[in-house]
Amino acid sequence: MSKAAESTVSKKSLRDNPLIWPLAGLALVIAFNLVTGPEFFSVSVRDGHLYGNLVDIFSQGARVMLLALGMTLVIATGGVDLSVGAVMAIGGALAATFVTQMGYGLYVALPITLIIVGTLGFFNGAMVVFGKIQPIIATLILMVAGRGVALLITDSDVVKIQDPAFLYLGKGYILGIPFSLWLVAVIFLVMAVSIRKTALGLLIEAVGDNEHASRFSGIEAGRLKLIVYAVCGALAGLAGVLDAASVSAADPMRVGELKELDAIFAVVIGGTALTGGRFLLFGSILGAILLQALTLTLYNAGVSAAVAPVPKAIVIVGVCLLQSERFRKQITNITKFGGKAS
Amino acid sequence: MKSYSSQFMTLFTRLAAPAMLLASALLTGCGGGGDAANEQLKIGFAQVGAESVWRTANTDSLQNEAKKRGVDFKFSSGEGKQENQIRAIRSFVAQGVDLIILSPIVETGWDPVLKEAKRAGIPVLLMDREIDTADESLYAAFIGSDFVEEGRLAAQWMVENVKGDEVKIVELEGTPGSAPAIDRQNGFKEVVDKHSNFTIIESQSANFRRSDGKDLMESLLKLHSDIDVVYSHNDDMALGAIQAIEAAGLKPGTDIIIISIDAIKEAFEAVVAGKINCIVECTPLFGPLAFDMAEKILNGEPYERRVVMKDGVFDQTNAAEVIDSRKY
């Protein structure tokens, strides 16, 4: 199956490859930095690890990448998960409480945390599948309530983390490259292989394209959705653990605020349509990188905080518009017309 | 193993307590209320939410003081939404409280609901933040902090303690457009502008958030290799920035001077550890003052319409003495 898909892709022109647009956005950001401040690209070695803006794009973007990977699957089934930000707060709060207040080792605390946040995601899925509640409403419940749960777990306090193994997740390096990046790479590979080398990806796309038709053809849409929401929840919880590790503290109040929007942005920029169906895991990673690169570029260019959302929005809208075939056709028509007139 | 299970129980009770509260409220909701003593003072408090350690300390301060004075205290959290607070005030009016304390989430849009309170003869005491209204009679008094003065105090400490011909400052701003972010920026800038050897070379927002503070500081460190001072609009961002500075192989507090506002306990610990140089206090402990004011208003005694809390400045010389008295 995947081979057939690959050959059709290669037959089509480059312009129809959906990855080209986030890459174009990234190229634009790179070009802008080359002109305004080439020192943006300088990477040096400090304390035995890589040090520079390019490293930061990946290490700071790792959390959104994790969220976006889970979100891609949920969106591919035609749903959306608004609760990922709140689940991040729960994940960080749980792991930190287990390790610092109960004295568990990370190897115990992390699996328990992931199981709990995965279960929360599973409940999201259950509400969508069994409750027949629209995903945006079903996950809104946990988005609102989740932060309260996180506050209860930590007793409305910020939990400070000193456990070296825990901190390693956010601050460690392997071969000079941040640990969080290795983690994202491994998760991405596992997901890509298990989805593209088996029928799973096809099934998810089928559910997103037409749930009724897929059910009639024997796909258990409900069970697939439950799995997908659970994976999304677990990845969001892991992102929360990374966040807590990177600042040595789990803050249940502010962690993950508005991060659900970043995740959805990354997925959409990456070429996955919100209507479900075809999805691109690597596109979502590119989307997350583009978002983070944009943020750092605006810092670098000294754009004030009040104005910064505007250029960010322009690039995002631009990439989204270019992804629309209809919009591209209209643009080519206009340019053709202009050419004739002159 | 035994201790683990007991700790699990504490986590469980933390989560179960609100559920039980809810259940008991439902059970007693119909019968209770009527037997409260008539002479007991009834005060309603519409809080912003529980978005920070500062805010929860603020809520605790009022709740504890109410308990101490035997006041029937009705608490409502707005969860960051004005409509929740408006609903809370209406319900306080309906319950016939003696006085309403309000920490408004936004400045505008309060006139209609405050007029309802005024018609019912219930005085309103504004706390922490002010409102924008043409009719000053809608509230009895305001108690809160002067954010501009906090910015000035931070800058004052800096010009007195940091020496150099060309001191470069980066500013970590709060959420763009919020009153504390605007005022703390203006107060700081006012003093810095008077000293030509101090310049703010970069000013960016980290949304009062710790992880944003770290991310932003990582970027700023790459952009400027010669940062002398970090001025942060709250402690959380400063604590995040410290981690970025350490990760870059520099010593916070020595290589880069760090000044921040709020003075939560964690920041005090950082001052004692030498990682933060100066903190300007913005106390959340309004409880005693708020109830003193409330009693004065209700007893018809003279009172000041606008009371500003006195903010302290702490650095390595005096932080260690007071750190033990800090609870939040």
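Quick look at the values:
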read-out	value
Residue pairs, from the table A:Lys171/B:Lys327; B:Lys42/B:Lys310; B:Lys74/B:Lys275; B:Lys67/B:Lys118; A:Lys259/B:Lys222, whose Cα atoms sit over 32 Å apart	B:Lys74/B:Lys275
Solvent-accessible area buried by B and A, counting both chains, probe 1.4 angstrom, square angstrom	3600 Å²
Percent RCO, i.e. relative contact order, over chain B, from Cα pairs under 8 Å lying at least 6 residues apart	15 percent
Computed FRET value (nearest 0.05) for B:Lys115 with B:Gln95, which takes r as the C-beta separation and R₀ as 22 Å	0.75
Whole-number accessible area per residue in Å² for the range A:217-277, which is evaluated in the context of all protein chains at 1.4 Å	27 Å²
Environment charge at B:Asn161 (Cβ cut-off 14 Å; Lys +1, Arg +1, Asp -1, Glu -1)	-2
FRET E, pair B:Asp135, B:Asn161, Förster distance 51 Å, beta-carbon r, rounded to 0.05	0.70
Two-decimal Rg to Rh for the range B:147-282 - Kirkwood Rh, Cα set	0.92
Peptide-level mean, for A:232-243, of C-beta atoms on other protein chains within 10 Å	0
Computed E for B:Glu304/A:Leu261 - FRET, C-beta separation, R0 45 angstrom, nearest 0.05	0.55
Calculated Rg and Dmax of the range A:160-253 using C-alpha coordinates, Å	17.8, 53
Additional length obtainable on full extension of the chain from B:Asp193 to B:Lys81, 0.36 nm per residue less Cα span	36.6 nm
Euclidean distance of C-alpha centroids, the range B:241-263 and the range A:267-312, integer Å	29 Å
Unit Cα scatterers, Debye sum, the range A:91-219: log10 I(q)/I(0) for q = 0.17 Å⁻¹	-1.11
Chain B - mean residue ellipticity at 222 nm from DSSP helices (-39,500 (n - 2.57) per run, n ≥ 4, rounded to 500)	-14500 deg cm²/dmol
Per-bin percent of Cα-Cα distances, the protein assembly as shown [10 Å]	3, 14, 22, 24, 20, 11, 5, 1, 0
Quotient of Cα Rg and 2.2 N^0.38 Å for the range A:252-320, N being how many residues it contains	1.19
For chain A, convex hull of alpha carbons as volume per residue, Å³	167 Å³
Within 10 Å of each Cβ in A:97-103, the average number of Cβ atoms from other chains	3
P(r), alpha carbons of the range B:112-168 - 10 Å bins starting at zero, rounded %	19, 32, 17, 15, 12, 5, 0
Those residues of the range B:233-264 for which accessible area with every protein chain present is at least 20 Å² below the isolated value (1.4 Å probe)	B:Gln243, B:Ala247, B:Ala248
Label-to-label distance, nm, for residues given as A:Ile112 and B:Ile323 (7 Å Cα→Cβ offset)	3.1 nm
Accessible area of chain B divided out per residue, in Å², using a probe of 1.4 angstrom	45 Å²
Difference of contour (0.36 nm per residue) and Cα-Cα distance, A:Thr275 to A:Lys132	49.7 nm
Rounded percent of accessible protein surface that carbon and sulfur make up, chain B, 1.4 Å probe	53 percent
Label-point separation, B:Arg69 to A:Ala306 (7 Å along Cα→Cβ), nm	3.9 nm
For A:Arg46, distant residues with modelled amide H under 5 Å away	A:Tyr51
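The values are calculated or read from the model by the stated rules, or taken from the named source; none is laboratory data. Not measured: the values here are computed from a predicted model. Heads up, the Cβs are rebuilt from the backbone with ideal geometry, glycines too, and the neighbour counts pull from every protein chain shown. Just so you know, the surface numbers come from the protein's heavy atoms only, side chains and all, with ligands and any DNA or RNA stripped out. Shrake-Rupley method; radii C 1.70, N 1.55, O 1.52, S 1.80 Å.
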